[in-house]
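Participant: Got a structure here, written out as structure tokens. Questions coming.
What follows draws every value from the coordinates through simple rules; no lab data is involved. Bear in mind the structure is a predicted one, so any value in this text is a computation, not a measurement. Note that each Cβ is placed from the backbone with ideal geometry, even for glycine, and that neighbours are counted across all protein chains shown.
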Ligand SMILES: C[S@@+](CC[C@H](N)C(=O)[O-])C[C@H]1O[C@@H](n2cnc3c(N)ncnc32)[C@H](O)[C@@H]1O
């Protein structure tokens, strides 16, 4: 029986044979399906039904849910995402701006329960000061329907946020009775679909500027890996970038793309250079950046360094030490040095909310909107703050509530 399941999964999804021992496969089936279903006749009937179904079918999905390895988290290996921001997102944004365009299409292929797709949305929200003026489309896909449902819910336990700093947590998530819910400003960029990477017909049909396929190929058979690589290439825009982890892609896998190795981030790009000098690394840093410059934090949104650089880490330390007052003072000093930086103003509003100073946060968010009326983060947070405190005298007394709602709703 295990042999038949293995054969089905290898043939249809490229999964298993290389990665799971019999005992591990059995353990997954028992845990996923329940011991009673593992008795010979039950499992045989389930397998017979599953074998004849499209991959979205109920029985095949029961097996997929039991067997697939879906470990993931938000900003998983933070350093990887910092490198992604520097070596893939920054050049992509620069190229778009140079072409007078403000649209980016991204695919998180094998996204499990969606954390990777939301992490990319978070990077873009922090990296683009004018994010609300862009059309950002991030599609997360996975083989497992239960994972896609979880991704659409977008509610995660604190374990999934273990690499998300307190400030980021406050900026991009909101408390939910089952954990932390992804903020509406990130959700607005992301959608999810079922997809088998071995089957081009089930794949999203866009031409993607950036494809992330990370910790997926490593679970596939060598032949399936090649098929998936070919399918991904078929969906890459002419100047698109594909990223994986180094342990899972040999240099030939994505031929004729040009490969650039950035430690834990492996990047492939289709470029005219590929036909003439196949082994020449693509110059991915913007021309004014010296080679070997330190990785940029996502919050450093504008090309020129701002006082925000590094401040998040300092604020995080202060918050962890319970020194909210110091954090507010520190942020205020940075704001005094850069009074037009709405990112800093948003940070200040976060600190005020954490400190229970909702009225202060309201005024601060309105200030951010006065400076930049299309600041999506400030709009959404102002609307949320007003919703939470609807009817509270403190916010209604001076008429700011009415104005703020009008202001926020007009823009959201
Ligand atoms: C370990 S998770 C990786 C999640 C995320 N990319 C990350 O690195 O955190 C691997 C995911 O690949 C999905 N997967 C495996 N084979 C697939 C296939 N043939 N088509 C689509 N998804 C597949 C699994 O369902 C699983 O959710």
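Participant: Measure out, as a whole number of angstrom, how far apart the alpha-carbon centroids of region 239-262 and region 1-77 sit.
Facilitator: Taking the Cα centre of each part, region 239-262 and region 1-77 sit 29 Å apart.
Participant: Over the C-alpha atoms of region 52-170, what are the Rg and the largest Cα-to-Cα span, Dmax, in Å?
Facilitator: Expressed in Å, the Cα Rg and Dmax of region 52-170 come to 16.3, 51.
Participant: With the crude spin-label approximation of a point 7 Å out along Cα→Cβ, what separation in nm comes out for residue 135 versus residue 188?
Facilitator: 1.5 nm
Participant: Highest mean first, how do 26-34, 311-319, 237-245 rank when packing is the count of other Cβ atoms within 10 Å averaged over residues?
Facilitator: Highest-to-lowest ranking by the protection proxy: 237-245, 311-319, 26-34.
Participant: Calculate how large, on average over all directions, the projected area of the Cα convex hull of region 2-67 is; give the answer in nm² to one decimal. Kindly include the intermediate steps, with their values, before the conclusion.
Facilitator: Values: hull surface 15.6 nm².
Here the figure is 3.9 nm², rounded to one decimal.
Participant: Based on alpha-carbon centroids, what's the gap between region 315-352 and region 132-200 in Å, whole number please?
Facilitator: Taking the Cα centre of region 132-200 as reference, the centre of region 315-352 is 27 Å away.
Participant: At 0.36 nm per residue, minus the direct Cα-Cα distance, what do residue 149 and residue 207 gain on full extension? Give it in nm, one decimal, please.
Facilitator: That works out to 18.4 nm of additional length.
Participant: Going by C-beta contacts inside 10 Å, put 331, 144 in order with the fewest on the left.
Facilitator: Fewest-to-most ranking of 331, 144: 144, 331.
Participant: Taking the beta-carbon count within 10 Å as an exposure proxy, list 213, 111 from fewest neighbours to most.
Facilitator: Ranking 213, 111 by Cβ neighbours within 10 Å, fewest first, gives 213, 111.
Participant: Determine, for 83, 226, the number of other Cβ atoms within 10 Å of each Cβ, and report the residues in order from fewest to most.
Facilitator: By the 10 Å Cβ count, ascending: 226, 83.
Participant: While we're here: I'd like to compare 191-199, 95-103: which one has the highest average count of other Cβ atoms within 10 Å, and what's the full order after that?
Facilitator: Ranked from most to least packed, the peptides come out as 191-199, 95-103.
Participant: What Kirkwood radius, in Å to one decimal, follows from the Cα pairs of region 110-184?
Facilitator: Details: mean 1/r = 0.0767 Å⁻¹.
This gives a value of 13.0 Å.
Participant: Evaluate 2.2 N^0.38 Å with N set to the residue count of region 78-276, then give the Cα radius of gyration divided by it.
Facilitator: Working: Rg = 16.4 Å, N = 199, 2.2 N^0.38 = 16.4 Å.
In units of the 2.2 N^0.38 Å rule of thumb, it is 1.00.
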